[in-house]
Each structure stands twice: as structure tokens, then as C-alpha cells.
Amino acid sequence: MVMSFGVWVSAYAGANGKVPRGTNVAGVDIGGRDRVAAARALAEGLDAELETPISVTVGTETVPVAPADAGLSVDYVASVAKALGPRSWDPRQLWRYYTGGDELTPVVDVDGDRMDAVLDLLDQRAGQPARDGAITLTGGQIETTKPRDGVQLDHDRAAAAIEEAWTTGRPAVTLPLLLTPPEVDAADLATAIQEIANPALSGPVTLAFAGSQVVLSPSQYTDLLTVVPRDGALALDVDVEGLAALVDPAAQDTIPVDATVGLQDGAPAVVPAVSGHSYDAAGVAAAFLQGVTADGAARTVPVTGTATKAAFRTKDAKQLGVVEPVASFAVSVPPTVGPAFTEATARLSGAMLRPGDTFSFNSRVGGETGSATRLATAAWNAGFLAGLTDVTRTGSATYSAGLPVGRDAAVDAVTDLQMRNDSTFGVLFSARVEPGSVVVEVWSTKEFDVVATTGAPYAPTPRATVVDINPGCVGEPGADGFAVDLVRTVSRVGDPTPVRSDTVTTTYQPVQAVVCQAPPAP
């Protein structure tokens, strides 16, 4: 083809920005027009097409689907641009413009959400979802649902088929249904019956807590169980709150026990702290699900709880420094003391005071009567010589032979003996009954040197004398009353400077004398 330059320029000017003559898109002629006119002509020509439903057949169902409902629309500008092609001075391109264009399909936009909504509706009408195998446990019985294959649309292929039918002008399209197997098939169901359902109803489950056990029978828990699909198989679930109502996890909590120092073979030994445990519904459910599908002994399951630390730990007890005897005192006891006195002595033995603690004889031993004053006297003197601080101490109302003068401690149901540990170490009492005496020792780390001195009696109070003429009279010598001071000086080991000095004054009341006389002659 030979074309003069002038003709060539004129041809280019005539074809510039226009769709080649004879071009049609989906049957609509847009040739010889510029972009705007071509797009307008295409929109006018396809309006009817957009409103004409496509007959969609799925299985035995045929449904008219409006293109707009399926999210189909034409991009008119892009369709015209596709027809135009690139601008060019190439004579062959100019020849194409003047001699005719092509039969083209429009550029289509698809709204994926609207298309999926239409396909979901078609699935509901013509498809059938697969049915998973299932197990129900009710009233101690196992009921099963058999699995079944389903038929459903392949959404990607179905969307492409509807779009292709619309863009090519076909009025109808058939969408194939695909066979969809269940996630939980017959083999999964059989496995679940053997490994979940049968064991779950086979016997009780025992939940072992730190300080207790709870035994649950199938009749108690069966209705709390559900068998659910999970990851392509069946798994067991339990109503967590319902199970907690049966077990009461908080009631199984154990309280932590502080470390202390006790007596072992007559000497101090650290007694380690014991952690407590607290339990919650989730931990109970986890242990239960582990045991309910197990066999034999494995149906007894420890429940994992949260450890609660003791406030006073083992290392704290070691740091109390209870390592050596720092004071001891013995008080004579009559041979008539019996088991009650021995038991009271055993209760006193092992009393432990941390720094700042106060010892109470009545709280530890009880408000004993009789010889308990001798035990309290031994305890008070041992604590006194160890440097403990007096809180409450009451001397006997009258002096009793065998008790140290000015150093006795009376106790009864309302009269207590109390001492406080103001040292920097722990203090441990040990007590034992020996032939003819009771001995109380105090163990600690020696921090104080203690000197105790009993003064001479003073402030005598004469005894009264009474005459008894009764035939059964028993004479009594009585005793004068008096007062006495006990002075204690406390200094730190290695430093003679006193840190405190105490004076304990005891006042004994007189005891009347009884003189027996014969009654006067008649």
C-alpha cells in the first residue's frame, strides 16, 4: 500500500481517538465514535442486557438470576479503551480503523459479595450440606447420627460460569454440583464410640486434690458431656460451670502452712513450709476430661491447681537462729502429779516465738489448776533468764513451799502468764518431766547475758492465830506474809552495759495458824 504524506496525515487526523469502524461489543456497534460517544452508545445498548435474567440450572432447580443481583456490571470506559487500542501513526493501524474493527466482549466488574450471596441461595435451594457423624450422651445412653455425603456448588467455578454466560450473551447456564464428604465420617464415628463414648460411661472418675478427693459417678456427670466435631474428628467437651457446681473447686483449696522450728529428738529442727493450693473451674474440667476417657487407675486424676506460697518460708525459719539452749529452769513437783500434768508439759514443749511474738500460757497449755503453777513457774523463769519481756505475770497469793521465792507464776482459768520475744532471733520452749521436777529450756541464739538476784524478804505481815475446839481439828503452823524483790539486769553478749533492768515485786499474804484445843469441861 502506497500512501502520500498528505493522505497519511489526513487519515491519521480522521482516525485520531475514535473506535475502529464496525467494532461491536456484545452486539452493540460503537465503531467510528470517540471515547465518550462510544461509552454512551455501549451503555444504551447494554441496558436491556443488564436487566435480562440468566436462567441458572442447579441440579433439578432452575432459577432466573438478574445480572445486577449477581454483582455483574460492565465497565464501559474500560470496554471502549479495549476497543480503541493504542494511538499510532502505523499505516496498518490506520487501515484497521477505516476497514473495520472486531467483535469484542465487554470488560466486566464482579461484586464478589453479591455473587457469593446468590450462590449461597442457590446452594440452599439445590444443594445439600454434608452431615457429620455425631454422638449424643443422654441419661447414660449413647445415641449416634450417621454421617452423610453432601452436594454443593463450587463457588469459584460457578461464578466464572455465570460471568462467562452473561458476557457471551447466552441466556442460560447449568452449574454442576460437587460431592462433598463429611468432615466426620463413619470411621471417625466408630473411633469416637470406642475411645470417647464407651469409656465416658464406664465408671466413676476420681478427682484428686492436694487435701481431698471427689468421686463423680456417670449418673452425676453424663448430662454435662457433649461430643463435638473438632479438627475433622469428634472430641469430648464438658459443661465447665455445671461440673464446678458438682465439685466446688474452692472447697478443695488447701491453706499454706508457715515454716517453723520444732523439736526433734529433744533438739530444734526446721519444719519446712507447706504450700497451699487453690483450684478453679478450668483446672477441674481439664483433669476431668483427662480421666473420663481413661481406663482403670488412670480414671483417678490429680487436679492441677495454683500453688499459694506460705507467708513464712523455710529459709525464714532457718534465719530465726534457734540453734542452742540459752536458759533453763527446774521446779520441783510432788510425786502425786499425774498424766494431766505430763500432757500439759507436752503441750508447752515446742512453743515457738518469732521476734515480736507474745507467748500465752493459757492459749498454749490451757488454764490448768493445781500443779500447773509449777509448770508456769518453770516456763516464766526460763523465759525470764533468756531475756524475754514480761507482759503478764502474777505471783501466788501465799507462798508455797517448793517454789522459788519471788519467782513463782500462778495460772488458772482467768489468770494468764504472757511473755514477749523482743530479741532479733526466734525462741523455742522445750519442757520435760523428770523424777521430782519439771524442766523448761529456752532455745535461741544467745543474744543477752541475764543476771537475776532475789533480795531479802521485807514488809512482814504477821500471821493470825485461831483456836479450833472441834474434835476433827488439824493444827496448822501458818506463815507470816512478806514482800520480796527480784531484780534482773539484761546486757548484750560481749557488752556489759545494761540494756534494761527489771524489778519484779511479789507480795505474799499471811497464812493463819490453827491451834487445836479441847473443848471446855461442861
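Computed from the coordinates by the stated procedures, all read-outs in this text should not be read as laboratory data. All values reported here derive from a predicted model rather than from experimental measurement. When we count neighbours, we look across all protein chains shown, and the Cβ atoms used for this are built from the backbone with ideal geometry, even at glycine.
Sticking to Cα atoms, compute the Rg of region 320-516 to one decimal and its Dmax as the biggest Cα-Cα distance, whole number, in Å.
Rg and Dmax of region 320-516, Cα atoms, are 18.4, 65 Å.
Can you give me the angle between helix 155-167 and the longest principal axis of the chain, using Cα atoms only, in degrees from 0 to 90, rounded to the nearest 10?
So the helix axis and the longest Cα principal axis differ by about 30 degrees.
Can you give the helix-only mean residue ellipticity at 222 nm for the chain, where every DSSP H stretch with n ≥ 4 adds -39500 (n - 2.57) and the sum goes over all residues, rounded to the nearest 500 deg cm²/dmol?
When only DSSP H runs of four or more count, the value is -8000 deg cm²/dmol.
What nm distance separates the two modelled labels at Thr191 and Ala459, each placed 7 Å from Cα along Cα→Cβ?
9.4
How much length, in nm to one decimal, is gained on full extension between Glu476 and Ala282, taken as 0.36 nm per residue of separation minus their Cα-Cα distance?
62.1 nm
Nearest-5 percent of antiparallel DSSP beta bridges in the chain?
About 85 percent, rounded to the nearest 5.
Which of the peptides 288-300, 463-475, 430-442 is most tightly packed, and how do the rest follow, judged by the mean count of other Cβ atoms within 10 Å per residue?
So the order, starting with the most tightly packed, is 430-442, 288-300, 463-475.
Counting alpha carbon pairs within less than 8 Å and at least 6 residues apart, what relative contact order, in whole percent, applies to region 320-516?
26
Between Gln264 and Ser202, take the C-beta separation as r, use R0 = 56 Å, and let me know the FRET efficiency to the nearest 0.05.
For R0 = 56 Å, the calculated efficiency reads 0.75.
How large is the translational diffusion coefficient of the chain in µm² per second when you combine the Kirkwood radius over alpha carbon pairs with Stokes-Einstein at 25 °C and 0.890 mPa s?
Reported coefficient: 70 µm²/s.
Quote the FRET efficiency, to the nearest 0.05, computed for Val514 versus Ser360 with a Förster distance R0 of 22 Å and r equal to the Cβ-Cβ distance.
It comes out at approximately 0.05.
Only residues of region 376-406 count here: report those whose backbone N is under 17 Å from the spot 7 Å along Cα→Cβ of Asp495, or say none.
Flagged as within label range: 387.
Multiply the residue separation of Lys146 and Arg347 by 0.36 nm, subtract the distance between their alpha-carbon atoms, and state the gained length in nm to one decimal.
65.3 nm
Using a 10 Å cut-off on Cβ atoms, rank the peptides 124-132, 304-312 from the highest mean neighbour count down.
So the order, starting with the most tightly packed, is 124-132, 304-312.
Mind giving me the FRET efficiency for Asp116 and Val257? R0 is 51 Å, r the Cβ-Cβ distance, nearest 0.05 is fine.
0.20
Straight-line reach from Lys446: which lysines have Cα under 29 Å away, leaving out those fewer than 8 places along the same chain?
Candidates past the 8-residue exclusion: Lys315, Lys318.
Which length gain, in nm to one decimal place, applies between Gln220 and Ala297 when the Cα-Cα distance is subtracted from 0.36 nm times their residue separation?
25.7 nm
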